[in-house]
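J.: What follows is a structure written as structure tokens; I'll ask about it next.
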Amino acid sequence: MSATANTKAITPPDIAARKKKAPLVCLTAYTTPVARLVDPYCDVVLVGDSVGMVLHGLPSTLSVTLEMMIMHGQAVRRGLEQALMVVDMPFGSYEKSPEQAFRNGALIMAETGCAAVKLEGGETMAATIRFLANRGIPVMAHIGLTPQALNTFGGYRVQGRGEDAERISRDAFAVAEAGAFAVVLEKVPEALARRITGELAIPTIGIGASSSCDGQILVVDDMLGLFGDFRPKFVKRYAELGEGASAAIAAYAGDVRARRFPAAEHVFADPPMGVDAGGSKSGEAA
């Protein structure tokens with residue numbers, strides 16, 4: 001891809017400049033068709049490691065591999081024209097050292113054509129974020145509930161209540177100071193998310209946080225009603241496509257078993273006698 005290609009595409013500096021302006025619209029995508037659907041409406045499209053649970057049936061994001069993220073990133077890239085594409089760095093691909101994170105982050109960018117990566121962690125990952133940002137890899141940070149650390153948290157629990165709020169605040173300012181261009185705040189109390197958003201110099205993107213955040217993100221399969229294994233409180237269902245798909249599949253199965261499908265309009269009849277399959281009469285010159 002040339003440096004001048006797709007000049008209309010949103011960039012990380014564009015997102016950073018949206019602080020305290022029109023709210024940022026963000027959704028996940030994992031496939032080309034869904035990327036095409038969300039692209040006209042979104043500022044950021046995240047190829048999230050939630051793909052492991054949503055599309056691969058894994059119990060958590062911990063088993064998601066670098067190869068999976070690259071494959072889905074390539075698919076999403078084919079469906080985008082304007083939205084900023086961010087790819088999650090999966091568990092185990094960046095925590096060991098800034099050098100490991102750079103190596104894998106550069107691979108993700110080279111293989112997918114994404115404009116930025118996202119990684120989880122606050123103060124503990126600040127040095128890594130700085131290392132990447134100083135070497136040409138824009139980073140979106142992710143603090144609060146970080147799903148890759150669910151075993152440490154004891155599950156998908158709200159983070160930042162009571163005295164723990166100070167830890168979340170330190171994380172937010174640490175990633176901003178390190179050079180992240182935006183930060184996801186997940187499953188933190190509304191008042192805390194509102195305060196951090198008001199004080200932080202970079203945009204906050206909420207998921208289970210506050211309407212005061214500079215943007216919002218949801219897993220697209222959650223908000224469309226396609227993923228039904230569980231339903232977080234912070235998800236608003238804008239459609240129930242899973243129920244509609246189930247009804248359609250049941251109707252198809254019924255038609256097949258009753259021999260209503262395929263009907264005459266779905267099959268190919270033999271040509272009239274004396275006319276070949278191409279429409280010409282037998283014996284005519286081709």
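The values are calculated or read from the model by the stated rules, or taken from the named source; none is laboratory data. Owing to the predicted nature of the structure, the values given are computational and were not obtained by experimental measurement. Here the Cβ is made from the backbone with ideal geometry for all residues, glycine too, and neighbour counts use every protein chain on show. Just so you know, the surface numbers come from the protein's heavy atoms only, side chains and all, with ligands and any DNA or RNA stripped out. Shrake-Rupley method; radii C 1.70, N 1.55, O 1.52, S 1.80 Å.
J.: Dipole of the range 128-286 (Lys/Arg Cβ +1, Asp/Glu Cβ -1, origin at the Cα centre): which of Gly179, Gly160, Ile205 lies farthest to the positive side?
T.: Value: Gly160.
J.: Where Rh denotes the Kirkwood radius from the mean inverse Cα pair distance, what is Rg over Rh for the range 1-135?
T.: Ratio of gyration radius to Kirkwood radius: 0.95.
J.: Placing +1 at every Lys and Arg Cβ and -1 at every Asp and Glu Cβ, with all other atoms neutral, what dipole size does the chain have around its Cα centre, in debye to the nearest 20?
T.: Approximately 480 debye in magnitude.
J.: How do the peptides 69-75, 84-90, 108-114, 230-236 rank, highest first, by the average count of neighbouring beta carbon atoms within 10 Å per residue?
T.: Packing proxy ranking, top to bottom: 84-90, 69-75, 108-114, 230-236.
J.: Further question: Quantify, in whole percent, the carbon and sulfur part of the accessible surface of the range 173-269 (1.4 Å probe; protein heavy atoms only).
T.: 58 percent
J.: Rounded to the nearest 500, what is the 222 nm mean residue ellipticity of the chain from helices alone, with -39500 (n - 2.57) per DSSP H run of 4+ residues and division by all residues?
T.: -10000 deg cm²/dmol
J.: If you don't mind, another one. Binning at 5 angstrom from zero up to the longest distance, how are the C-alpha pair distances of the range 155-200 distributed in percent?
T.: Calculated P(r), rounded to whole percents: 5, 22, 35, 24, 11, 3.
J.: How many angstrom lie between the C-alpha centres of the range 86-109 and the range 131-193?
T.: Each part's Cα centre sits 17 Å from the other's.
J.: Related question: If I build a Gaussian network model for the chain, linking alpha-carbon pairs within less than 10 angstrom, which residue out of Leu107, Leu192, Leu27 has the largest mean-square fluctuation?
T.: Leu107
J.: Per residue, how big is the convex hull around the C-alpha atoms of the range 77-172? Give it to me in cubic angstrom, could you?
T.: 115 Å³
J.: Got a sec? Which residues in the range 9-51 would a label at Glu67 touch, if it sits 7 Å along Cα→Cβ and we count backbone N under 19 Å?
T.: Under 19 Å, as judged by backbone N against the label point of Glu67, lie 49-51 of the range 9-51.
J.: At a 10 angstrom cut-off on C-beta neighbours, averaged per residue, how do the peptides 257-269, 137-149 rank from highest to lowest?
T.: 137-149, 257-269
J.: So, one more: Could you tell me how many degrees, from 0 to 90 and to the nearest 10, lie between the Cα long axis of helix 190-199 and the main elongation axis, the longest principal axis, of the Cα atoms of the chain?
T.: Tilt of helix 190-199: around 70 degrees.
J.: Under a straight-distance cross-link criterion of Cα-Cα below 24 Å, which lysines are reachable from Lys21, leaving out those fewer than 8 residues away in the same chain?
T.: Lys8, Lys118, Lys187, Lys236
J.: Here's another thing I want to ask about it. Mind listing P(r) for the range 76-115? All alpha-carbon pairs, 5 Å bins, whole percents.
T.: 6, 24, 28, 20, 12, 7, 3
J.: Over all directions, the average projected area of the alpha-carbon convex hull for the range 135-220 comes to how many nm²?
T.: Mean orientational projected area (the range 135-220, Cα hull): 6.0 nm².
J.: To continue, here is another question. Give, rounded to the nearest 20 debye, the magnitude of the charge dipole that the range 128-168 has about its Cα centre when Lys and Arg contribute +1 at Cβ and Asp and Glu contribute -1 at Cβ.
T.: Charge dipole, the range 128-168, about its Cα centre: 180 debye, nearest 20.
J.: Continuing with the same structure: Kindly list the residues of the range 32-52 that lie in the label zone of Lys21, defined by a backbone N under 20 Å from the point 7 Å along the Cα-to-C-beta vector.
T.: 39-46
J.: Let me know the charge dipole size of the range 45-122 about its Cα centre in debye, to the nearest 20, where only the beta-carbon of Lys, Arg (+1) and Asp, Glu (-1) is charged.
T.: Once rounded to the nearest 20, the dipole reads 100 debye.
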